[in-house]
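Colleague: To start, I am sharing the structure in question, which I have written as structure tokens.
The values are calculated or read from the model by the stated rules, or taken from the named source; none is laboratory data. Remember, it's a predicted structure, so these values are computed and weren't measured experimentally. Using ideal geometry, Cβ is built from the backbone for each residue, glycine included, and neighbour counts are taken over all protein chains shown.
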Amino acid sequence: MKVGVHKVAMSSPGDVSGLAALIDSGQVDPARIVALIGKTEGNGGANDFTRGFATLSYQLLLARHLGLTPDEVGARVAFVWSGGTEGVLSPHATIFTRTEDAGPAADGPRLALGIGITRDIAPEEVGTLAMVREVAAAVKAARAEAGITDGADVHYVQVKGPLLTPATIADADRRGAPLVTRDPNGSKPYARGAMALGVALGLGEVEDSAITQEMIARDMGVFSAVASTSAGGELTKCEVLLFGNSPTATGDYRIGHGVLKDAIDAAGVKEALRSAGLAFHGSPSEEQASRIAAVFAKAEAPPDGRIRGRRTTMLSDADIHYERHARAAVGAVIASVTFDPAIFVSGGTEHQCGPGAAPIAAIVRA
């Protein structure tokens with residue numbers, strides 16, 4: 001397996017010119033594209049329609065090149081968008097290509113990617129054990145597809161799945177199906193938490209007996225160290241992108257991960273870069289940072305409202321949601337190390353690392 005990584009800027013949620021240029025120049029074969037992870041400038045909430053707009057825009061571009069319908073493109077390419085580019089975060093998309101051509105052997109493990117997709121998740125299953133187990137099965141399938149046998153070689157599992165919308169709530173009401181909540185935005189923690197626990201279960205980080213319905217989005221002491229989950233109203237299934245390093249993979253990239261102990265943990269950013277194979281003393285130079293292909297992180301407000309002993313207003317601000325505060329802060333810290341604000345930072349860390357902490361992963365050119 002050989003995985004390619006291509007990051008393109010976006011001037012709006014419908015801007016696909018970056019990928020179009022790569023295709024026209026021959027740098028990217030559209031038939032090899034298997035996944036896209038990106039940031040749009042929406043609000044990140046249940047009514048963030050920039051994610052669906054961006055997905056359709058890329059589907060239309062690829063449909064023209066591949067002679068397919070947009071729906072057929074959607075069936076073969078996994079699209080994961082996170083809304084919210086607060087602060088210095090820059091809208092962008094990272095496109096992943098994959099070929100099974102082995103090519104010359106690499107001097108060490110290289111980036112491998114596996115994809116798993118669940119069945120449709122019913123509204124009454126959002127944020128429940130059913131969602132946990134469906135994601136766990138998809139994670140196992142993705143890991144097998146990636147050819148990663150050692151769980152320690154898995155460094156990042158991105159899952160995007162459905163949240164509740166007014167329409168799906170109404171559908172459940174018509175059928176008399178109970179829901180975890182009737183608040184669309186309030187369903188995000190339950191959905192993210194269930195998907196993260198699904199990753200933990202699928203990778204064997206926790207036992208099935210340790211997961212109960214009552215603990216989802218409540219008992220944060222049970223978690224995955226490599227899960228990154230997001231929820232949106234544009235999806236009905238959960239899409240799993242599993243990244244790791246495999247000795248059978250070739251190509252130019254390696255992936256590593258670390259833990260951000262809080263929103264200003266620059267040392268955690270450097271830990272992830274070094275885990276991916278970027279060697280540097282102190283901080284990366286601009287030349288060393290140019291080898292960073294992509295960074296993916298989660299962001300969270302501190303549960304007790306304090307960072308390094310200092311009080312913050314993230315959780316008490318009635319004007320700006322805490323997720324937006326956190327994304328802006330974490331984005332600035334990462335960009336100060338990588339020299340690039342086009343980074344994927346998503347809010348909400350339910351069951352993704354320990355309470356108050358957040359996962360971060362980095363892909364680096366070897």
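Colleague: State the number of residues belonging to region 5-45 that are among the small types (Gly, Ala, Ser) and over 17 Å from the mean Cα position of the chain (by Cα).
Modeller: Taking region 5-45 first, the residues among the small types (Gly, Ala, Ser) are 9, 11-12, 14, 17-18, 20-21, 25-26, 31, 35, 38, 42, 44-45.
Still in the list and also over 17 Å from the mean Cα position of the chain (by Cα): 9, 11-12, 14, 17-18, 20-21, 25-26, 31.
Result for region 5-45: 11.
Colleague: Kindly evaluate Ala329 against the criterion of being at pLDDT 95 or above, under 18 Å from Gly42 (Cα atoms), assigned to a loop (DSSP other than H, G, I, E, B) and not basic (Lys, Arg).
Modeller: The answer is no for Ala329.
Colleague: Taking Pro13 as meeting all but one of (1) in contact with a strand residue (DSSP E or B) (Cβ under 7 Å, 6 or more places away or on another chain); (2) closer than 21 Å to Leu111 by Cβ, write down the number of the exception.
Modeller: (2)
Colleague: What's the number of the condition Asp317 fails, among (1) in a loop (DSSP other than H, G, I, E, B); (2) surrounded by 16 or more Cβ atoms within 10 Å (Cβ to Cβ)?
Modeller: Evaluating Asp317 over (1) in a loop (DSSP other than H, G, I, E, B); (2) surrounded by 16 or more Cβ atoms within 10 Å (Cβ to Cβ) leaves (2) as the failure.
Colleague: Would you mind stating whether Ala196 is assigned by TED's automatic domain parsing to the domain that holds Val157, modelled with pLDDT of 95 or more and not in a loop (DSSP other than H, G, I, E, B)? Even if it seems obvious, please write down each step before you answer.
Modeller: Numbers: assigned by TED's automatic domain parsing to the domain that holds Val157: yes; modelled with pLDDT of 95 or more: yes; not in a loop (DSSP other than H, G, I, E, B): yes.
Spelling it out, Ala196 is indeed assigned by TED's automatic domain parsing to the domain that holds Val157, modelled with pLDDT of 95 or more and not in a loop (DSSP other than H, G, I, E, B).
Colleague: Sort out which residues of region 109-124 are surrounded by 22 or more Cβ atoms within 10 Å (Cβ to Cβ) and either under 30 Å from Phe53 (Cβ atoms) or among the acidic types (Asp, Glu) (or both), and write them in order of number.
Modeller: Of region 109-124, the ones surrounded by 22 or more Cβ atoms within 10 Å (Cβ to Cβ) are 110-114, 116, 118, 121, 123.
Of everything in region 109-124, those that are surrounded by 22 or more Cβ atoms within 10 Å (Cβ to Cβ) and either under 30 Å from Phe53 (Cβ atoms) or among the acidic types (Asp, Glu) (or both) turn out to be Leu111, Leu113, Gly114, Gly116, Thr118, Ile121, Pro123.
Colleague: I've got another one for you. Out of region 67-92, which residues are in contact with a Lys or Arg (Cβ under 8 Å, 6 or more places away or on another chain) and closer than 20 Å to Val337 by Cα?
Modeller: Thr85, Glu86, Gly87, Leu89, Ser90, Pro91, His92
Colleague: Based on this model, can you work out whether Thr85 counts as under 21 Å from Phe344 (Cβ atoms), of a type in the set (Ser, Thr, Tyr) and in contact (Cβ under 8 Å) with a residue 24 or more places away in the chain?
Modeller: The answer is yes for Thr85.
Colleague: Still on this structure, please answer the following. Looking only at region 61-77, which residues are under 19 Å from Thr94 (Cα atoms), among the hydrophobic types (A, V, I, L, M, F, W, C) and touching a residue at least 12 places away in the same chain (Cβ under 8 Å)?
Modeller: Once the filter is applied, which keeps residues that are under 19 Å from Thr94 (Cα atoms), among the hydrophobic types (A, V, I, L, M, F, W, C) and touching a residue at least 12 places away in the same chain (Cβ under 8 Å), region 61-77 yields Leu61, Leu62, Val73, Val77.
Colleague: If we only count strands (runs of 3 or more DSSP E) wholly inside region 228-313, which ones have 1 or more residues that are more than 21 Å from Thr97 (Cα to Cα)?
Modeller: The strands (runs of 3 or more DSSP E) meeting that bar are 253-260, 292-299.
Colleague: Does Ala276 satisfy the condition of being among the aliphatic types (A, V, I, L, M), surrounded by 14 or more Cβ atoms within 10 Å (Cβ to Cβ) and not assigned by TED's automatic domain parsing to the domain that holds Tyr156?
Modeller: yes
Colleague: Given (1) at pLDDT 95 or above; (2) under 20 Å from Phe243 (Cα atoms); (3) surrounded by fewer than 24 Cβ atoms within 10 Å (Cβ to Cβ); (4) of a type outside the set (D, E, K, R), where does Ala106 come up short, assuming only one miss?
Modeller: Evaluating Ala106 over (1) at pLDDT 95 or above; (2) under 20 Å from Phe243 (Cα atoms); (3) surrounded by fewer than 24 Cβ atoms within 10 Å (Cβ to Cβ); (4) of a type outside the set (D, E, K, R) leaves (1) as the failure.
Colleague: Show the residue pairs meeting these rules: Cβ distance below 8 Å; 6+ apart or different chains; first residue within region 205-220 and more than 21 Å from Val154 (Cα to Cα) and in contact (Cβ under 8 Å) with a residue 24 or more places away in the chain; second residue part of a loop (DSSP other than H, G, I, E, B) and hydrophobic (A, V, I, L, M, F, W, C).
Modeller: As it stands, the answer is Ile211/Val222; Ile216/Val180, since those pairs meet every condition given.
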